[in-house]
Amino acid sequence: MTTETVKKQRWKLNLRDRFQDLPKPARIAAMVVFVVLLYLLPTKAFYENLGFPIPIGSGYLPFYTTGSDMAGVLFQCGYYILLALGLNVVLGYAGLLDLGFFGFFAVGAYTVALLTSPESKLITEYNWLESPWPWLVTVPIAIALAMLSGVLLGWPTLRLRGDYLAIVTLGFAEIIRIVAKNQDWILNGDRGIPSVGHPPGTWPDGEAIFDLEFTPYYWLVLTVIIAVIFLIRNLANSRVGRAWVAIREDEDAAELMGVPTFKFKLWAFAIGAAIGGLSGSLWAGQANFVNSNTFSLENSILVLAAVLLGGAGSIGGAILGGFIVIYLPEWLRSVGDVFGWPTQVEIAGIHIDVSPTSLRFVIFGALLIVVMIYRPQGLWPNRRRAAELKDRQKEVAPVE
């Protein structure tokens, strides 16, 4: 092999390979610096200096969202990243298509709301509780109930595969949404549950840490994300993770090789549901109000899009996808200010709104289509899945 060939192969290495080539102390130092930067992101003095120069408009393209609160956008990205990580366990590792994953988010959110709100009917009408419970106490209960709902859903349905399983899970999420909307017995229908409890903690001056500011909530969700990443990485590298991969590749072959496929699929459903419930409990603690309007089908589809956009089966891909599906539409609000984009145009005497705020989802949808066409493995794919797609492309390539 010539020196020139070696150089060419070296340049083909992606960023992950280059990072792995570094000495272990350098990798640890780089990760620590990166995490510190993540914690600094919602700090105004920090994010206002992020951007790069451009030759048109104001001459500067900011990375932060000028049309909405940066810390609020980051917090929303955070709980969507948690949802994407949970769905990645179900879809990316075990290969189970779940179209109703947001239902577990709803279970976690409603559990926290019912147990922490002084307006909950469990306190005001039925006297099942004497007083609201602390938020921190209700989070493990929310996770446990979400996990239980995953087991109860998966036990009779995981014998189904593909589109049939997708339809069943979609029905699960819609049942929760419709019941929450129409049922007035406990969940209060569309009126919802107000005054949901916040996480505990006070500043040195006695003021509550988790109140109206988004920044502490972002720090909290970021800490939870880091803990969940370690949990999922350990699972993926364990016997459980190897069983999930075997099931995803060929369930029948895995069964013949002695893998108890139903048990491990149920494990994937339960763990994914628990992470979804955790995300819902974090969101409810910040939102302070929970009703059925939040748990629409579009949110489940958005979480699925995040996993596929980032790369199914990849932790980094789930994080990247969850960040992009929330951050990019919000960031597009600021494009008009930078480039002098008109808010309206007149065509044949009709005024048409063409502002980036109105068109941001159209632009995002078009970019999503382009990525799925030209990079079906995702932006940060799992190596095994990327190799599989590459082999399939070779198989279907026309023979000359």
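We did not get these values from a lab; they are worked out from the coordinates using the rules stated. All values reported here derive from a predicted model rather than from experimental measurement. Positions of Cβ are backbone-derived with ideal geometry, glycine not excepted, and every protein chain shown enters the neighbour counts.
General observations
- Nonlocal amide H pairs with Phe289, under 5 Å, H built at 1.01 Å: Val196
- Cα principal axis extents for the chain, largest first, Å: 79, 64, 57
- Among Phe19, Phe52, Phe63, residue whose mean-square fluctuation peaks in a GNM of the chain (springs only between Cα atoms under 10 Å): Phe19
- For the stretch 177-268, the fraction of alpha-carbon pairs lying more than 22 Å apart is 62 percent, rounded to a whole number.
- Packing, taken as the mean count of other beta carbons within 10 Å per residue, orders the peptides 109-118, 149-158 from highest to lowest as 109-118, 149-158.
- Scanning the chain for DSSP H helices at least 18 Å long along the axis (C-alpha atoms) with a Kyte-Doolittle mean no lower than 0.0 picks out 24-40, 70-87, 102-116, 135-157, 162-182, 214-236, 261-287, 297-310, 315-331, 356-374.
- The calculated P(r) of the stretch 264-372, using every Cα pair and 5 Å bins from 0, goes 2, 10, 13, 19, 17, 14, 12, 6, 4, 2, 1, 0, 0 in percent.
- For Leu61, distant residues with modelled amide H under 5 Å away: Phe52, Ile54
- Working from the Cα coordinates of the stretch 19-150, the gyration tensor eigenvalues give, after taking √(5λ), semi-axes of 38, 23, 17 Å in decreasing order.
- Average projection area in nm² (convex hull over Cα atoms of the stretch 89-225, one quarter of hull surface): 10.2
- Considering only Leu115, Gln183, Leu282, and ranking their Cα positions along the charge dipole of the chain that arises from unit charges at the beta-carbon of Lys, Arg, Asp and Glu, the one farthest toward the positive end is Leu282.
- The residues packed around Glu251, meaning those with a beta-carbon under 13 Å from its beta-carbon, carry a net charge of +1 if Lys and Arg are +1 and Asp and Glu are -1.
- Kirkwood hydrodynamic radius (C-alpha pairs) into Stokes-Einstein, the stretch 211-310, 20 °C and 1.002 mPa s, D in µm²/s: 134
- Ordering of 30-40, 165-175, 78-88, 196-206 by burial proxy (mean other Cβ atoms within 10 Å per residue, highest first): 78-88, 165-175, 196-206, 30-40
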